Amino acid sequence: MDLSELTDQVETVSRNYARRHGITQDATWFLLKLQEEVGELTQAFLMRTGQARDKGLTEQEIDDRFRAELADVLCQVLVMARHHGVDLRSEVERKWLRWTPAPAPTPNR
């Protein structure tokens, strides 16, 4: 699955969630929802690293929560980018991948 297909699927879930809960998905909502998810990721990270109470969760449950919160942050970034018309693939290429090291030259023999 490519990024566009993933975004399509995530956006459908997000729209259904908003409709079910009577939420208007405007620019402010996308930013605040992302912030909420980053906060939940932070809490899961702190629990995972022993810097917050475990709330009675097992190590596996804490690890599962951390992974799930990473997914939540990614999904919110995808729908926020789409809402604002941002092509994330192009932006990642422009911002990050331009720093990809060139392959080492092959020695002549």
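What to note about this one:
- A DSSP coil position with no more than 15 other Cβ atoms inside 10 Å describes the following chymotrypsin sites (Phe, Trp or Tyr not before Pro) in the range 49-109: W96.
- Computed from Cα atoms, the angle from the helix 27-48 axis to the main principal axis of the chain rounds to 90 degrees.
- Restricting the range 4-62 to trypsin sites (Lys or Arg not before Pro) in coil, as DSSP defines it, with at most 10 other Cβ within 10 Å: R53, K55
- Calculated log₁₀ intensity ratio I(q)/I(0) where the Debye formula runs over C-alpha points of the chain, q = 0.14 Å⁻¹: -0.73
- Once the 1.4 Å probe is applied to the protein heavy atoms, the range 26-88 comes out at 63 Å² accessible per residue.
- In the chain, helices alone account for a calculated mean residue ellipticity at 222 nm of -23000 deg cm²/dmol, with every DSSP H run of four or more residues adding -39,500 (n - 2.57).
- Principal-axis tilt of helix 3-21 within the chain, Cα atoms, nearest 10 degrees: 10
- Percent accessible area from carbon and sulfur atoms, the chain, protein chains only, probe 1.4 Å: 55
The values are calculated or read from the model by the stated rules, or taken from the named source; none is laboratory data. This one's a predicted model, so the numbers in the text were calculated from it and none came from an experiment. Neighbour counts run over all protein chains shown; Cβ positions are idealised from the backbone, glycine included. Heads up: the accessible areas ignore ligands, DNA and RNA and are worked out on the full protein's heavy atoms, side chains in. Shrake-Rupley method; radii C 1.70, N 1.55, O 1.52, S 1.80 Å.
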